[in-house]
Amino acid sequence: MGRTNLAVTHRATAELRGDHAALRSRRGGVVQDLSWSDYRRRADDAAAAWIEWGIKPGDRVGLIAENSVDWLVADVALLSAGAANVSMHAPLAPPQVEYQLAHSGARAVIVSGQSQADKVLARLPNLPELELLVSFEPVEAGDRIRTITWAELEEQGRRLGAEGRERVLRREDELTRSTLATLIYTSGTTGSPKGVMLSHGNLLSNAEEVNEMLRLGPEESSLVWLPLSHIYARTMDHYLAYLTGGLLFISESLDTVIADLAIAQPTVMNAVPRFYEKVWAAVERLAPDERKKRLHSLFGPRLRELFSGGAPLPRHIAEGFHASGVMLLEGYGLTESSPTISFNRAESFKLGTVGLAIPGVEIRIADDGEVLTRGPHVMQGYWKDPEATARTIVDGWLHTGDLGRIDDDGFLSITGRKKDLIITSGGKNISPSEIEQLLTSDPLIDQAVVYGDARPFPTALIVPNVDVLQTEGQFGDALQTDEEGFITNAKALALVLQRVERLMEAVSKPERVKAIVLLGRPFTIEDDELTPTRKVRRARIIQKHQSRLDALYTGKSSASESCE
């Protein structure tokens, strides 16, 4: 398509769109716009300062901050300077921040404010390559590291004037599709996090291919609330807008998404299944007409399509949205694929699948059921880990680690994770994610983790929808929990198990969950039970509650119920 890198693509759109709003945000109740022209000007100033400071193509710069307009400006500036953005999730703990900065060899780090700066400052003795800390808000760092504000960085670039701008343009001309654009570290649930190397070409091609499929234009607007540190929002919102010239409304926080929807009135929105599950739980028990009215009121009159990714979308939720006239389309991808591999589209979709391969992308199923993909979206590899790269990319095919199948029409379905496969002591192979999706299809069950590797039968740790449980069981406030937060009310356990038994009639006997424990609180990011995109960390949850789950096989758990 003639686009050589993300930076020149952003510049071309900014010149074309000019004074039209590019970014909209709400802070303290005040809505503010940043035009495409000012967006580009701010990024140019910061990029000129980075180049003056000595950043070279391929240098790594960490970025740990919550979503904001400044986050987006910073990313564009780093791209134009040729630096690789080491984007880190805001909830990371200091040791995790240290690992990613040290492993990537970051020369500088950008933080949002004092709380994020403190994570870096606490680990400085172990970060000898780190030379500069830049903050969106003023911070106290003493003389431990050179520190400036983002506004000061932009001002430094602005003072360079035309010469600084020319440097930026020359730098952009040096960049190609193979230039490293970002390092994003995987969650590391089964070992040390791996740094996924994504190039300008990986990200640009993915945005181009998605837009060829969706055909979005400058009239589109999107509400952005997923973490920009994650590749899903970065490509599907941020980089896609480089091509469409559309408007991004940056949500103030996760807690304000519903309120922001009323103001943003988006035409499209990306979200993860957990968000749609919560929305559906709030309307599921309404009469169909009232449910339809409530959903349309929530998302606004301009909505064209909703997109879901990052984790499996329960089929009953997709069906419920569609029955209410709200187009909810599920796709599939991973960080290593920039991220999109397949997607349903309005003119061609199948509920319960993750759609067709996007243009330019190949998908096939290996003999063992693993989903493989090939194309320009496949990462360059893992940073400083050629062995892991060689295991993951074989003859150009990315081994996703997911299990799936492709139907006669080419639609892909994901059936589980290869590494999560449960093999019972009887030799039965079970995909826990399929059983978990079946369990959470019941309004009574909010979240579930299935357990049973090398055990005689599967069991489950279940987080019930407490409101529904109290209503159906008429328990009032009598849902007692023990010191670990597990529900001990025998009638509540019996009620949920009864529902589990009914659900298990849909699967073979070896796959049926036969005993459960009920956790009285939802899984959270803060407790390291969910990823930043709210995907369940199954291994971490099982590790935390191993003894409780093991007790299900001995009958020693006082907060469990069994059908045996």
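The values are calculated or read from the model by the stated rules, or taken from the named source; none is laboratory data. All values derive from a computational prediction rather than experimental measurement. Neighbour counts are summed over all protein chains in view; Cβ atoms, including those assigned to glycine, are modelled from backbone coordinates with ideal geometry.
Some observations on this one:
- In the set (1) at pLDDT below 95; (2) under 29 Å from L254 (Cα atoms), D75 fails one condition alone, (1).
- Residues in the range 288-299 that are closer than 12 Å to G320 by Cα and either of a type in the set (A, V, I, L, M, F, W, C) or surrounded by 14 or more Cβ atoms within 10 Å (Cβ to Cβ) (or both): R291, K292, L295.
Results for (1) at pLDDT below 95; (2) buried (at least 21 other Cβ atoms within 10 Å of the Cβ); (3) not assigned by TED's automatic domain parsing to the domain that holds K194, shown as yes or no for each residue.
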residue	(1), (2), (3)
S80	no, yes, no
Q96	yes, no, no
S112	no, yes, no
P138	no, no, no
T147	no, no, no
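- Condition met for D446 (in contact with a strand residue (DSSP E or B) (Cβ under 6 Å, 6 or more places away or on another chain) and either farther than 18 Å from F523 by Cβ or in a helix (DSSP H, G or I) (or both)): no
- Taking the criterion of being outside any helix (DSSP H, G or I), in contact (Cβ under 8 Å) with a residue 40 or more places away in the chain and under 22 Å from the mean Cα position of the chain (by Cα), the residues of the range 80-108 that qualify are A84, N85, V86, S87, M88, H89, A90, P91.
- Lone unmet requirement of (1) under 17 Å from I422 (Cα atoms); (2) of a type in the set (V, I, T); (3) modelled with pLDDT under 90 for V450: (3)
- A count restricted to the range 37-46 and to residues that are of a type in the set (A, V, I, L, M, F, W, C) and over 26 Å from the mean Cα position of the chain (by Cα) stands at 1.
- Given (1) assigned to a helix (DSSP H, G or I); (2) charged (D, E, K, R); (3) out of contact with any Phe, Trp or Tyr (no Cβ under 9 Å at 6 or more places or on another chain), index of the condition D260 fails: (3)
- Out of L169, L180, L130, one residue alone is more than 29 Å from E529 (Cα to Cα), surrounded by 14 or more Cβ atoms within 10 Å (Cβ to Cβ), in the same structural domain as V69 (by TED's automatic domain parsing) and free of Cβ contacts under 8 Å to residues at least 24 places away in the same chain. It is L169.
- Yes/no for D237 being charged (D, E, K, R) and surrounded by fewer than 18 Cβ atoms within 10 Å (Cβ to Cβ): no
- A search for C-beta distances below 7 Å between a residue of the range 506-527 that is in contact (Cβ under 8 Å) with a residue 40 or more places away in the chain and any residue that is among the charged types (D, E, K, R) and in a loop (DSSP other than H, G, I, E, B), counting only pairs 6+ apart in sequence or on different chains, returns P510/K428; K514/E564; A515/E564; F523/E529.
- Condition met for D395 (without any contact (Cβ under 8 Å) to a residue 12 or more places away in the chain, assigned by TED's automatic domain parsing to the domain that holds T353 and not hydrophobic (A, V, I, L, M, F, W, C)): yes
- Residues (within 16 Å of L261 (Cα to Cα) and part of a helix (DSSP H, G or I)) located in the range 283-300: K293, R294, L295, H296, S297, L298, F299
- Qualifying residue in the range 450-462 (condition: over 23 Å from P510 (Cα atoms), touching a residue at least 40 places away in the same chain (Cβ under 8 Å) and aliphatic (A, V, I, L, M)): no
- Residue check for G396: surrounded by fewer than 16 Cβ atoms within 10 Å (Cβ to Cβ) and within 25 Å of G355 (Cβ to Cβ): yes
- Cβ separations smaller than 8 Å between residues 6+ apart or across chains give the following pairs from the range 241-260 residues that are farther than 20 Å from D75 by Cβ to residues that are assigned to a helix (DSSP H, G or I) and of a type outside the set (G, A, S): V257/F275; I258/L298.
- Extreme residue, surrounded by the fewest Cβ atoms within 10 Å (Cβ to Cβ), among residues of the range 415-434 that are farther than 12 Å from D402 by Cα and of a type in the set (S, T, Y): S425
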